[in-house]
Amino acid sequence: MAVIADKCPDITITVVDINKERIDAWNEENLEKLPIFEPGLSEKIKKCRGQNLFFSSEIEKNIQCADMIFISVNTPTKKKGLGAGQASDLKWVEACARQVAEFATGYTIVVEKSTLPVKTAEVIKNILAASQTNLEKTNKSFDVLSNPEFLAEGTAIKDLEDPDRVLIGGENQNAIDILSNIYNNWVPRKKILHTNIWSSELAKLTANAFLAQRISSINSISALCEATGASVSEVSRAIGSDKRIGSKFLDSGPGFGGSCFKKDILNLVYLSNYFGLPEVAEFWEQVTILNNWHQHRISKLIVKKLFGTITEKKICILGFSFKANTNDTRESSAIVICKDLLEEGARLSIHDPKVSEKQISSDLGVEPIAKENYPANKENNYGGWEFHSDILTAAKGSDAVVVLTEWEEYSTIQWDLIAKSMRKPSWVFDSRSIVVKEKVLKAGLNLWRLGDGN
Ligand code: UGA
């Protein structure tokens, strides 16, 4: 919405949410304190907020005066009931549709922006249609469009300003044209694709499934590289130069995380089963099974290299977010790997430039070790963790440093300085292939790099 506000100064945009605290945070004077860290976002907010971009918790009033409403609520995986563990919970989407049905006036275009399983637009349509029959002489009318989002976190602004495509699914050409014209303020016409509503919804799930599949594919090969003496980065380079494969999204890492890939694949699995296609369901499920296996493979490998036990050992974790340039930790591989290491009795010392200690605590489900117990009061601290905002302090006294997120600053670490403060024999585990091999080895450290069989 910040990008639309920036590109379309004549359109007034109001972002509403039932969470008042969240809205207050978006209205925060100090732009450093916005709830989401995303490169370039605070500049857009600074430029547009109070001009044509507003944040409000007055939901009813803003629905009433809107010509177009984007539903952008979360659709988490259902925890219980029918489809538990796979299907999306659409209760927030439904709640929004009901509110829109109740408070909208005149002609309103409702755009589903949340990632939704195919045929959700029908639910929205039905709810909106019911509101028209409920109230006689209503002056309300609606059109529903699907407009899935393809931006990736960390590069969101760039992805929105120069998208590969904008996808609009719908039936009513007039509504499609109105939304297309908004994007056309900065996106060339030929990049704005029109499909039917179901293709649009399914295209979003399929795009994420294909992307995640690439990562599971290359991660599976990383294990084979380690076993055979090949190098996964060389294999990636070699296959990526084939135009049909392409070079992007071929970096082997600690497994994919983020709020979307796993959820969307599980949705696809659920839908395939629902429509009587178990082979299709199993095919896609394997992508998440491999991802899970791969995450645990890394923690097992760390234990193995550290002589089969990490109890009483200090391990420094560099990076907790699911990828660089975001403070988002949802489904981050770091959560799985850190939990495994804590379970084995290690003391973790975690660093991340953007993720807070509070967030890590909530993700791990364990409070950090009390500061008065620094340095290690061993009895109390097995299976515990501490947080440091400085890499050198985080690594001090550790047996191993494990790089889990590809933050730029981890590629320029002065390993000779770090090596001096570590316990010997000291290890560096690089799951993102970003440390400079020669510098690590020159500092007298042992190095394991994902997919490097040399
Ligand atoms: C993903 C898609 O890339 C977006 O197109 C989509 O709009 C978005 O989900 C969504 O559905 O909202 P995102 O989850 O923000 O975006 O991040 P990605 O860049 O796709 O990374 C996902 C995970 O894959 C990260 O853990 C990342 O480290 C990992 N990854 C990515 C690799 O391990 N190797 C790669 O080569 C690329």
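A few notes on this one:
- Count of residues meeting criterion [touching a residue at least 12 places away in the same chain (Cβ under 8 Å), touching a Phe, Trp or Tyr at 6+ places or on another chain (Cβ under 8 Å) and assigned to a helix (DSSP H, G or I)] in the stretch 142-172: 1
- Test set (1) surrounded by 15 or more Cβ atoms within 10 Å (Cβ to Cβ); (2) at pLDDT below 90; (3) of a type outside the set (Gly, Ala, Ser) - residue 135 fails condition number: (1)
- Which listed residue is of a type outside the set (D, E, K, R), at positive phi and open to solvent by 50 Å² or more (accessible area, probe 1.4 Å), from 292, 325: 325
- Any hit, the stretch 315-322, residues being out of contact with any Lys or Arg (no Cβ under 7 Å at 6 or more places or on another chain) and open to solvent by 10 Å² or more (accessible area, probe 1.4 Å): no
- Selection status of residue 43, in a helix (DSSP H, G or I) and not hydroxyl-bearing (Ser, Thr, Tyr): yes
- Meets criteria (more than 24 Å from residue 354 (Cα to Cα) and within 20 Å of the chain's Cα centre (by Cα)) for residue 77: yes
- Count - residues of the stretch 364-387 that are modelled with pLDDT under 75 and in a loop (DSSP other than H, G, I, E, B): 5
- Evaluated against (1) farther than 24 Å from residue 305 by Cβ; (2) away from the ligand (no atom under 12 Å from the Cβ); (3) outside any helix (DSSP H, G or I); (4) open to solvent by less than 40 Å² (accessible area, probe 1.4 Å), residue 361 falls short on exactly one condition, (3).
- Residue in the stretch 366-376 that is charged (D, E, K, R) and within 16 Å of the ligand (Cβ to nearest atom) present: no
- Cross-chain or 6+ apart pairs with Cβ under 6 Å, the stretch 207-220 first and touching a residue at least 12 places away in the same chain (Cβ under 8 Å), then near the ligand (Cβ under 7 Å from one of its atoms) and in a helix (DSSP H, G or I): 208/261; 208/264; 212/261
- Matching residues, the stretch 178-209, being open to solvent by 20 Å² or more (accessible area, probe 1.4 Å) and closer than 20 Å to residue 124 by Cβ: 178, 182, 194, 195, 196, 198, 199, 202, 203
- From the list 69, 23, the lone residue that is modelled with pLDDT of 95 or more, in a strand (DSSP E or B) and touching a strand residue (DSSP E or B) at 6+ places or on another chain (Cβ under 9 Å) is 69.
The values are calculated or read from the model by the stated rules, or taken from the named source; none is laboratory data. Please read all numbers here as calculations on a predicted model, not as lab measurements. Every residue, glycine as well, gets a Cβ built from its backbone with ideal geometry; the counts of neighbours run over all protein chains shown. Ligands, DNA and RNA are stripped out before the accessible areas are found, and what is left, the full protein with its side chains, is counted by its heavy atoms. Shrake-Rupley method; radii C 1.70, N 1.55, O 1.52, S 1.80 Å.
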